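Everything on this sheet refers to the single structure shown next.
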Amino acid sequence: MQELKKIDLDTTINSGQVFLWDKIDGIWYGVNGSEILKIIQDPFKIISSEKMTPNFFRQDDNMKKILRSIRRDKLVKDAVSRFPGLRLLRQDPFQCYISFICSSNASIGNIKQMLKKITKKFGKRTNFDGHEFHTFPTAEKLANSNIAELLLCGLGFRAKYVKEASQDIVSGRINFNYLKEVNYKTAKDILVSVYGIGDKIADCILLFSLEKIEAFPIDRWTLRILRKYYSDVFDESISRSITKKKYEDIHEKIVRHFGPFAGYSQQLLFKMERDLNNKKWL
């Protein structure tokens, strides 16, 4: 089990995995489904408004084994040295699912604003540690919303995606427990059948909430990384537009190159490249 003191909160929270987080007086507070989390860096402590969430930072992962595997790549090894406290998060699946549906063609700042409006309009208001928060709404609440209400949250074309995706949860067509149990490909095929979910969004949901550590979300940043540093490995695979078949082919090559914990490699490289380009986080 990884040591809690080695987790770097600022680095991890500011790495594009989560959006409903704020630092108040030096302490991070975040929405994780129906609970609010308070996380203190030193000494490391997680306090939940409902219950303890001991594995939010995947403390049960065998980090020694994971790091030994991903450090075989020189650039990833450098990224580990730069961000030794970066961890993947184990998020509430429904919140993660809706968050990344909202991420389509949006900046991190815009995603955060959309999600804040959604929680304020549809979530439950709660006071925790002297601050007011809104929990993330249930699938039923969003499934029963109307498009006009969602448009008021700034979702634009994503409003239909959010409503139909929520209806898929309520109907049972999408079952998160089942997606955790099946293999990566089966889970991915099911997720991309949801209106508004493509390959990249599906990979984010799989990696950050559904236990698929081999998922490697490919967006313009990761494509830039592959082209910039790995042209000799991926050659013609990344030189043209990325079709669904091409995305699948690239993912197969990625797993062969980075190994079964490719998702950790992706997050480290993504964080490093965005920081090098001085991009804003939360």
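The values are calculated or read from the model by the stated rules, or taken from the named source; none is laboratory data. Computed from a prediction, not measured in an experiment: that's the story for all the values here. Cβ: placed from backbone, ideal geometry, glycine included. Neighbour counts: every protein chain shown.
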Task: Scan of the range 10-26 for residues that are among the aliphatic types (A, V, I, L, M) and either touching a strand residue (DSSP E or B) at 6+ places or on another chain (Cβ under 6 Å) or not in a strand (DSSP E or B) (or both), ordered by number - done: Ile13, Val18, Leu20
Open item on the list: Quick test of your reading of the structure: Tyr29 fulfils all but one of (1) in contact with a strand residue (DSSP E or B) (Cβ under 6 Å, 6 or more places away or on another chain); (2) at pLDDT below 95. Name the failing condition by number.
Closed with: (2)
Open item on the list: Going through Lys200, Lys160 one at a time, which residue ends up being more than 19 Å from Pro137 (Cβ to Cβ) and assigned to a helix (DSSP H, G or I)?
Closed with: Lys200
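Residues checked against (1) in a helix (DSSP H, G or I); (2) more than 19 Å from the chain's Cα centre (by Cα); (3) among the hydrophobic types (A, V, I, L, M, F, W, C):
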{"residue": "Asn177", "(1), (2), (3)": "yes, no, no"}
{"residue": "Ile205", "(1), (2), (3)": "yes, no, yes"}
{"residue": "Glu211", "(1), (2), (3)": "no, no, no"}
{"residue": "Leu226", "(1), (2), (3)": "yes, yes, yes"}
{"residue": "Asp232", "(1), (2), (3)": "yes, yes, no"}
Task: Residues of the range 260-282 that turn out to be of a type outside the set (A, V, I, L, M), buried (at least 19 other Cβ atoms within 10 Å of the Cβ) and either modelled with pLDDT under 90 or closer than 11 Å to Ile70 by Cα (or both), as a count - done: 5
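It is to be established whether one or more residues within the range 48-58 are in contact (Cβ under 8 Å) with a residue 24 or more places away in the chain, among the basic types (Lys, Arg) and either closer than 30 Å to Gly172 by Cα or surrounded by 21 or more Cβ atoms within 10 Å (Cβ to Cβ) (or both).
The first filter runs over the range 48-58 and keeps only residues in contact (Cβ under 8 Å) with a residue 24 or more places away in the chain, leaving 49, 55-58.
Within this subset, residues satisfying the condition of being among the basic types (Lys, Arg) are 58.
Subset that is either closer than 30 Å to Gly172 by Cα or surrounded by 21 or more Cβ atoms within 10 Å (Cβ to Cβ) (or both): 58.
Yes, the conditions are met somewhere in the range 48-58.
What number of residues in the range 12-27 are of a type in the set (D, E, K, R) and either buried (at least 19 other Cβ atoms within 10 Å of the Cβ) or over 17 Å from Leu89 (Cα atoms) (or both)? Quick ask: steps written out before the conclusion?
Just the residues of the range 12-27 that are of a type in the set (D, E, K, R), to begin with: 22-23, 25.
With the extra rule that they be either buried (at least 19 other Cβ atoms within 10 Å of the Cβ) or over 17 Å from Leu89 (Cα atoms) (or both), the set shrinks to 23, 25.
Of the residues in the range 12-27, 2 are of a type in the set (D, E, K, R) and either buried (at least 19 other Cβ atoms within 10 Å of the Cβ) or over 17 Å from Leu89 (Cα atoms) (or both).
Name the residue, out of Ser193, Ser166, Ser209, that is more than 18 Å from Gln91 (Cβ to Cβ) and of a type in the set (Ser, Thr, Tyr). Please lay out each step first, then the result.
Numbers: Ser166 fails: more than 18 Å from Gln91 (Cβ to Cβ); Ser209 fails: more than 18 Å from Gln91 (Cβ to Cβ).
Only one candidate qualifies: Ser193.
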- [ ] For the range 73-110, enumerate the residues that are under 27 Å from Ile190 (Cβ atoms), in a loop (DSSP other than H, G, I, E, B) and aliphatic (A, V, I, L, M).
- [x] Leu88, Leu89, Ala106
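Working only within the range 40-51, note down all residues that are assigned to a strand (DSSP E or B) and out of contact with any Lys or Arg (no Cβ under 7 Å at 6 or more places or on another chain).
Start the filter on the range 40-51 by keeping residues that are assigned to a strand (DSSP E or B), which leaves 40, 45-48.
Passing the criteria: Ile40, Lys45, Ile46, Ser48.
Restricting attention to the range 1-15, which residues are modelled with pLDDT of 85 or more and of a type in the set (S, T, N, Q)?
If we filter the range 1-15 for residues that are modelled with pLDDT of 85 or more, which is where we start, we get 6-15.
Matches in the range 1-15: Thr11, Thr12, Asn14, Ser15.
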Open item on the list: Just checking, does the range 64-72 include any residue being surrounded by fewer than 21 Cβ atoms within 10 Å (Cβ to Cβ), part of a strand (DSSP E or B) and modelled with pLDDT of 95 or more?
Closed with: no
Open item on the list: Out of Asp199, Asp203, Asp189, I need the residue that is of a type in the set (Asp, Glu), out of contact with any Phe, Trp or Tyr (no Cβ under 6 Å at 6 or more places or on another chain), under 30 Å from Ile66 (Cα atoms) and crowded, with 17+ Cβ neighbours inside 10 Å. Which one?
Closed with: Asp203
